[in-house]
């Protein structure tokens, strides 16, 4: 399907992550001009990804005001699409005992990075009458898990902000949407399952199986999702075909969320 965005310019954050990289592939195939960013420790992988898809690449720290200012000074604000996938799960533990720094680490990267980038990129999209914001939330915004409270709250804030942008600016052509994956085969869930396997003294495959049974009983597909199964939804929301889709939160979760709302 022709996405109708050939020649559009997109900024993709957290670009070397599995979901982002799969989405970069689809956007590149659609003829989008790409600027990719990730943290310095991922510079080699970022460079390889950019080379593969003839994209521009620059490392950046999006967790603070100064880092984003430096980044924007380098890449400018002339983008049609912002695909913001950068984020962390953050510290885990009892919601009543999480430290101030734990809250702020997740808040700054999972939420405020999107707000700050949006403030830089959004006005030009509104002025031109065409733009796409696509943010990665999580199943956690609909079905919070107590040990992931800093992540729950930050991603929920992101969803609320995206909805607010949509309500204010979609009449001017800026469509703002979210995608909420669950238990996808990424470095993030690899780390979770490797840790679980070590704690239980079992294989990673056994760790995944027990995690699904004990922690994700509604994930009726019965396996981790693949980045390539999330990317088409992202590509759609970046496309011309999303001209009547805004303020949404598309769940790509294998059934992991038991409710019918959000």
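Against the test of being surrounded by fewer than 19 Cβ atoms within 10 Å (Cβ to Cβ), in a helix (DSSP H, G or I), assigned by TED's automatic domain parsing to the domain that holds residue 136 and at pLDDT 95 or above, the options 78, 73 yield a single qualifying residue, 73. If the condition is being at pLDDT below 95 and either surrounded by fewer than 18 Cβ atoms within 10 Å (Cβ to Cβ) or part of a helix (DSSP H, G or I) (or both), then segment 224-262 contributes 255, 258, 259, 260, 261, 262. On inspection, residue 210 does not qualify as more than 16 Å from the chain's Cα centre (by Cα), in the same structural domain as residue 87 (by TED's automatic domain parsing) and surrounded by fewer than 21 Cβ atoms within 10 Å (Cβ to Cβ). On the given criteria, is residue 113 in the same structural domain as residue 239 (by TED's automatic domain parsing), buried (at least 20 other Cβ atoms within 10 Å of the Cβ) and more than 23 Å from residue 216 (Cα to Cα)? Yes; evaluated as a whole, the condition is true for this residue. In segment 119-130, the residues that are free of Cβ contacts under 8 Å to residues at least 24 places away in the same chain never reach a residue that is assigned to a helix (DSSP H, G or I) with C-beta atoms less than 6 angstrom apart, at least six apart or across chains. For segment 192-203, a residue qualifies if it is more than 12 Å from residue 224 (Cα to Cα) and touching a helix residue (DSSP H, G or I) at 6+ places or on another chain (Cβ under 7 Å), and the qualifying residues are 194, 196, 197, 200, 203. Right, residue 213: farther than 19 Å from residue 89 by Cβ and either in a helix (DSSP H, G or I) or at pLDDT below 95 (or both) or not? Yes: the conditions hold for residue 213. Taking every residue in segment 212-224 that is more than 13 Å from residue 184 (Cα to Cα) and pairing it with any residue that is exposed (fewer than 14 other Cβ atoms within 10 Å of the Cβ), at least 6 positions away or on another chain, the pairs with Cβ-Cβ distances below 6 Å are 218/258.
The values are calculated or read from the model by the stated rules, or taken from the named source; none is laboratory data. Just so we're clear, the structure is a prediction, and the values are computed from it rather than from any experiment. Positions of Cβ are backbone-derived with ideal geometry, glycine not excepted, and every protein chain shown enters the neighbour counts.
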